[in-house]
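What follows is a short report on a single structure.
The values are calculated or read from the model by the stated rules, or taken from the named source; none is laboratory data. Since the structure is predicted, the reported quantities are computational estimates derived from the model, not experimental observations. Cβ coordinates were reconstructed from backbone atoms using ideal geometry, including for glycine residues, and neighbour counts include every protein chain displayed.
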Protein chains: 2
Amino acid sequence: MIDELSALRRIEERFHKASKGVELGIGDDAAAVRFDTDKLVLATTDSQVEDVHFVKSLISPAELARKAVAVSISDVGAMGGVPRFILASVGFSEKEDEGYLDELISGFISSLREFKVELIGGNLSSSNKLFLDITALGEVEPNLMVKRKGANPGDLIFVSGTLGDSALGLKILQNKEMGDGYEFLINRHLRPLPRLALGRELAVEQLATSMIDVSDGLVLDLERITSQQGVGGRIEFLQIPTSKEYDECIHQFSDDGSYPALSGGEDYELLFTSPPEGRGRIGEISKNLNIRITEIGYVTEDAVVQVLNKNAEEASLRQRGFVHFNN
Amino acid sequence: MIDELSALRRIEERFHKASKGVELGIGDDAAAVRFDTDKLVLATTDSQVEDVHFVKSLISPAELARKAVAVSISDVGAMGGVPRFILASVGFSEKEDEGYLDELISGFISSLREFKVELIGGNLSSSNKLFLDITALGEVEPNLMVKRKGANPGDLIFVSGTLGDSALGLKILQNKEMGDGYEFLINRHLRPLPRLALGRELAVEQLATSMIDVSDGLVLDLERITSQQGVGGRIEFLQIPTSKEYDECIHQFSDDGSYPALSGGEDYELLFTSPPEGRGRIGEISKNLNIRITEIGYVTEDAVVQVLNKNAEEASLRQRGFVHFNN
């Protein structure tokens, strides 16, 4: 059983150090920080709840802590901003041993280094199910901020990286009969990579008219950016970028009628729209950052999201991004 | 069963309005806000977890939402700051009906009005136990911020309001055999009042050398402010302010050896230290704000917290603020 105070003290010892922008860190009633005076402060919060967002047997505590941070700062990146600070609320069962908590803390620490953010606040509660609630604070220049709203008919629709890997990786993790050789897909699920540099670059060059990170599936997240503007989108199924690893094993899962590349969540790739004249520059950014960026369709005046199959026919979309194909 | 998207839409509809300082509210990947450029940004997070911090049968959803907000902004007030924005992460069981969620939302809305803060972000997760995790953002002038650290030997120790009411109110709520007539104490538990105006006034007049809100009991929280500075404190049991209602019924609970006024949590009164020359001005502030402020002891060089009983003998303190008296 873990004494909350001693756990907090251990956390404070490992985090308590003054640094640029942090006037007062962990250990007081509130943290006190400075942001650049000419920027907007971005704030977002996201939770990972045991047996809802993750199963403890399938993810290590360090991976879990890192993922919770990654998911939250991904939202700052999707605004074109730079994440700066993190507050972490952890609900922790007293059944856990100290080793688990130490690994969780180690995961937080290494993720802060990886993502160049600082933990400035936290809260440890008892809870029968583990939960991690991360608030991320960042900043962005007012004129560079990229909202979900802003896509115009005729804008091209782009997505970074490959889609469906995370959902497939989760299916593989859940299927105990599958052997080795799926590290790439599993890793895409356990260790998502927020596209901070890309989001920032698109914002700085003012190339994106709207942007979101793909957390709940391509179709659903595309609906989110188009519906805010009262427009729609048309994307081609065959253009949706998938990884070699995805292509090699998707047939083993296709009998359930779901298409992870369309409806699978947690890829945290960036989905954004850009006027056609941005196409060339986006290609250069893709090369410079060595991040695949794929044009998958365009924004329409008609306020619906359509997915065209290989025969250029509209595929029927089930609710919430789940897709059923007839081909 | 509640569809998460429709719930979120309902929340957005009820909160989505532009206002001073909010460039972008709920409904995007992150909110974007402005703070006064010459101030520090204060950030703090606090959780309320079902069956840990509250029992659903004893608190209404509206009271629960309000209390979660109150507890979190109380930390901003205890820095001498002004709370501005709230992010709310709610873990919500699908067993709940929509009525419960609506009442929770109503509680949030009225608390935002009561405390003059704005909800700028949120997250709704499924969770078998209800939890509310509130991040509060506020601001304070760098030279006016009051930390936990800063108490000097010889400083007087003050506390606002009365202590132990909340803990006693909870005991009464839990005891089904107790009749009516305890509304004051129960209300102190269910509807805590963060001392925002007092905290701000003490900061603006630079009267407090250290300050904390009493969330976990007087002794423990006094240890928190003294230990940060490497000093101690000596307080007199008979000076500890208690309410008439507390005095009238504490005898019914004293057989368990605990003293809620010393060790009971969740009063959210302000505990602060001040040089002796501040005494007069503190008395005036008490009158002006109509808030009882009581001098209960003084800061010592000796780095321990002592509680003196009516014979001026030191009472033995059990761990974590629980106190055992021999008189």
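Checked against (1) at pLDDT below 95; (2) under 17 Å from the mean Cα position of the chain (by Cα); (3) among the hydroxyl-bearing types (Ser, Thr, Tyr), residue A:37 passes all but a single condition, namely (2).
Could you tell me whether residue A:243 is touching an Asp or Glu at 6+ places or on another chain (Cβ under 7 Å), surrounded by fewer than 21 Cβ atoms within 10 Å (Cβ to Cβ), hydroxyl-bearing (Ser, Thr, Tyr) and touching a residue at least 12 places away in the same chain (Cβ under 8 Å)? Here the answer is yes, as residue A:243 does meet what is asked. Of the set (1) of a type outside the set (Ser, Thr, Tyr); (2) surrounded by fewer than 18 Cβ atoms within 10 Å (Cβ to Cβ); (3) touching a residue at least 24 places away in the same chain (Cβ under 8 Å), all apply to residue B:311 but (3).
Scanning the stretch B:168-177 for residues that are surrounded by fewer than 24 Cβ atoms within 10 Å (Cβ to Cβ), touching a residue at least 24 places away in the same chain (Cβ under 8 Å) and either of a type in the set (S, T, N, Q) or in contact with a helix residue (DSSP H, G or I) (Cβ under 7 Å, 6 or more places away or on another chain) (or both) gives B:170, B:172, B:173, B:174.
Condition check: surrounded by 13 or more Cβ atoms within 10 Å (Cβ to Cβ), at pLDDT 95 or above, in the same structural domain as residue A:223 (by TED's automatic domain parsing) and β-branched (Val, Ile, Thr). Does residue A:250 satisfy that? No; evaluated as a whole, the condition is false for this residue.
The helices (runs of 4 or more DSSP H) found entirely in the stretch A:183-287 that carry 2 or more residues being within 14 Å of chain B (Cβ to nearest Cβ) are A:196-204, A:218-229. When B:77, B:81, B:122, B:91 are checked against the criterion of being modelled with pLDDT under 90 and crowded, with 21+ Cβ neighbours inside 10 Å, B:122 stands alone in meeting it.
Determine whether residue B:185 is out of contact with any strand residue (DSSP E or B) (no Cβ under 7 Å at 6 or more places or on another chain), crowded, with 21+ Cβ neighbours inside 10 Å and either free of Cβ contacts under 8 Å to residues at least 24 places away in the same chain or not small (Gly, Ala, Ser) (or both). When the stated conditions are applied, residue B:185 passes them.
Do the conditions hold for residue A:56, that is, is it surrounded by 21 or more Cβ atoms within 10 Å (Cβ to Cβ), touching a Leu at 6+ places or on another chain (Cβ under 9 Å) and outside the structural domain of residue A:194 (by TED's automatic domain parsing)? No; evaluated as a whole, the condition is false for this residue.
When B:231, B:299, B:305 are checked against the criterion of being of a type in the set (Val, Ile, Thr), in contact with a helix residue (DSSP H, G or I) (Cβ under 6 Å, 6 or more places away or on another chain) and surrounded by 16 or more Cβ atoms within 10 Å (Cβ to Cβ), a single residue qualifies: B:305. Within the stretch A:22-58, the set of residues being over 16 Å from residue B:75 (Cα atoms) and either in a helix (DSSP H, G or I) or among the β-branched types (Val, Ile, Thr) (or both) comprises A:22, A:37, A:41, A:44, A:45, A:49, A:52, A:55, A:56, A:57, A:58. The residues listed here are B:105, B:120; of these, the one that is more than 24 Å from residue A:26 (Cα to Cα) and either in a helix (DSSP H, G or I) or within 10 Å of another protein chain (Cβ to nearest Cβ) (or both) is B:105. Screening residue A:96 against (1) in a strand (DSSP E or B); (2) within 28 Å of residue B:224 (Cβ to Cβ); (3) among the charged types (D, E, K, R) leaves a single unmet condition, (1). The conditions of being within 14 Å of chain B (Cβ to nearest Cβ), in contact (Cβ under 8 Å) with a residue 40 or more places away in the chain and over 17 Å from residue A:57 (Cβ atoms) are not met by residue A:130. A single entry from B:43, B:62 fulfils the requirement of being within 19 Å of the chain's Cα centre (by Cα) and either more than 9 Å from chain A (Cβ to nearest Cβ) or farther than 24 Å from residue A:136 by Cβ (or both): B:62. Scanning the stretch B:65-93 for residues that are outside any strand (DSSP E or B), more than 9 Å from chain A (Cβ to nearest Cβ) and closer than 14 Å to residue A:32 by Cβ turns up just one, B:80. Only one entry of A:149, A:176 meets the criterion of being part of a loop (DSSP other than H, G, I, E, B), among the charged types (D, E, K, R), out of contact with any Leu (no Cβ under 7 Å at 6 or more places or on another chain) and within 14 Å of chain B (Cβ to nearest Cβ), and that entry is A:149.
Scoring residue B:161 on the criteria (1) within 14 Å of chain A (Cβ to nearest Cβ); (2) buried (at least 18 other Cβ atoms within 10 Å of the Cβ); (3) of a type in the set (Gly, Ala, Ser); (4) out of contact with any helix residue (DSSP H, G or I) (no Cβ under 6 Å at 6 or more places or on another chain) leaves a single failure, condition (1). Taken over the stretch A:132-144, the criterion of being touching a Gly at 6+ places or on another chain (Cβ under 6 Å) and either modelled with pLDDT under 95 or assigned to a loop (DSSP other than H, G, I, E, B) (or both) is satisfied by A:144 alone. Checked against the criterion of being surrounded by fewer than 24 Cβ atoms within 10 Å (Cβ to Cβ) and not acidic (Asp, Glu), the stretch A:129-137 has at least one qualifying residue.
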